[in-house]
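Asker: Next up is a structure, given as structure tokens.
The values are calculated or read from the model by the stated rules, or taken from the named source; none is laboratory data. What you are looking at is a predicted structure, and each value in this text was computed from that prediction instead of being measured. Cβ placement follows ideal geometry from the backbone for every residue including glycine, while neighbour counts extend to all protein chains displayed.
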Amino acid sequence: MAIGLATVGHILIIVAAIPSVLVNPNGALGSFIIGLVLFGCGVGLFKACISPLVAEQYEASHPRGYIRVEPSGERVIVDPGITISRVYMRYYMMINIGALAGQISMVYAEKYVGFWLSYLLPTILFVFCPILMLGLSKHYVKKPPQGDVVGKAFRLYGFAMRGQWSLNPVRTWKNLSSPDLWEGAKPSHLENKPGWMTFDDAWVDEVKRGVKACQVFLWLPIFWLPYGQVRSISRATFYSC
Amino acid sequence: MKLGGVPNDIVHNLNPIALLIFIPIFDKVFYPQIARWGFNFTPLKKIQGGFICAMLSMVVAALLQHFIYVKSPCGEFASDCEEPPNLTVWAQTPAYILIAFSEIFASITGLEYAYTKSPKNMRSLVTGVFWFTHAFSSAIAQAFVPLATDPLLVWLYVTIAILTFIGWVGFWWTFRALDRDNDALDKLPEGGYQSNSAALAAKTESVEKV
């Protein structure tokens, strides 16, 4: 799924990068806005796919924990959960190396040459990205996209919630947050399994856990607020420098 | 603020610089040490750590802005002042370091949470939901723009620190049970899933066999 969407994201970003090259101090605002919107769409798709893709590369080679014997004879348990945390730490580190190099080089390109160069530099680098991905694609572990999975997950959630609604909002809330909500939607508990249920009980549990994860994310906008403000501390104080 | 010979770009990029310094420290020293102490630092606890560091960084920002107002020759209208307040730019560093901590705790962990807790065939979608919260928050931040001006900046940071505190308490309260179940959830087996076409193909095959 990741690679398919990422490719679309790449194409969109390249399309977006072309108009953005046109943006020089005299360039049309319109082309900039269209470029920005397309770029936003591309980045949106790309960002959602790239980190799972990176982590899947590791998971494919080490699906389970294993015991590694050190040269000293010490036996070390390699836990996949901890390793995935590490993969994500390093992935984030790489993004920030890029962010730092990009921001500093763009500032100087703009200062000494002009905006066109500071937009052109990342564009040139970006063109390498799909070339690299296509060139190396046979070395990547890819998961084919499963087109209907999102639809089925929503249908499953809807199915599980059926009959749990009530005019009393408290009761509805209680029913919907009950741990048993998903039990009734497991294919093995149904006498006549509907035709669209082409999955097993374990997948229902996975969807249940995924929905919980999304509920966790519902709180994150509050977390991002201070994050956005820290960038503006300097704005407010720097303009006074 | 006084630059004191520091290039402006260094100060603007304190956030990625702080991340480059602290990610390896967290990775190699801090997290392993916590594990050695036997503390199960679950993803939800890390995200709570992120809320706390983000809140502290807003507290630092509010204090800093207060001192800028006190020290600036123009008082509460420091931003448009010709003469900078007598403070070094490095005074902002703690706010950047704290926000870098909060990113390591909450942002990296959030991505990891999206990956490990979603069904194996829906990982990108859930990661997308994670990033969507960032975009949504930028929209909420627009509501604070009227506060982002002299002499209200101190109140802007204080308001957001309070909101983040409420967010942290709410987050902890809501997900107490989920946090307890963390390890069990990680051990869920992978579900079997067939797309419609695969299911149809399997059905046809079994019919043909009969």
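Asker: What tally of residues in the stretch B:61-85 results from selecting those that are out of contact with any strand residue (DSSP E or B) (no Cβ under 7 Å at 6 or more places or on another chain) and either at the interface with chain A (Cβ under 9 Å from one of its Cβ atoms) or farther than 15 Å from B:Val154 by Cβ (or both)?
Answerer: The total comes to 14.
Asker: Exactly one condition in (1) farther than 25 Å from A:Glu59 by Cβ; (2) small (Gly, Ala, Ser); (3) crowded, with 17+ Cβ neighbours inside 10 Å; (4) within 8 Å of chain A (Cβ to nearest Cβ) is not met by B:Ala100; state its number.
Answerer: (4)
Asker: Something else about it: Mind listing whichever residues of the stretch B:50-106 are over 26 Å from A:Ile95 (Cα atoms) and either polar (S, T, N, Q) or touching a Lys or Arg at 6+ places or on another chain (Cβ under 8 Å) (or both)?
Answerer: Scanning the stretch B:50-106 gives B:Gln65, B:Ser72, B:Ser79, B:Pro84, B:Pro85, B:Asn86, B:Leu87, B:Thr88.
Asker: What is the residue count in the stretch A:205-220 for residues that are more than 7 Å from chain B (Cβ to nearest Cβ) and over 18 Å from the mean Cα position of the chain (by Cα)?
Answerer: Residues in the stretch A:205-220 being more than 7 Å from chain B (Cβ to nearest Cβ) and over 18 Å from the mean Cα position of the chain (by Cα): 1 in total.
Asker: Shifting gears a bit: Can you find, within the stretch B:137-147, the residue that is modelled with the highest pLDDT among those that are crowded, with 16+ Cβ neighbours inside 10 Å and at the interface with chain A (Cβ under 7 Å from one of its Cβ atoms)?
Answerer: So the residue we want is B:Ser137.
Asker: Here is a follow-up. Does at least one position in the stretch A:118-134 carry a residue that is hydrophobic (A, V, I, L, M, F, W, C) and either touching a strand residue (DSSP E or B) at 6+ places or on another chain (Cβ under 9 Å) or assigned to a loop (DSSP other than H, G, I, E, B) (or both)?
Answerer: Taking every residue of the stretch A:118-134 in turn, none turns out to be hydrophobic (A, V, I, L, M, F, W, C) and either touching a strand residue (DSSP E or B) at 6+ places or on another chain (Cβ under 9 Å) or assigned to a loop (DSSP other than H, G, I, E, B) (or both).
Asker: Give A:Ala17, A:Ala48, A:Ala6, A:Ala99 a once-over and let me know the one that is surrounded by fewer than 18 Cβ atoms within 10 Å (Cβ to Cβ), part of a helix (DSSP H, G or I) and either at pLDDT 80 or above or not hydroxyl-bearing (Ser, Thr, Tyr) (or both).
Answerer: A:Ala99
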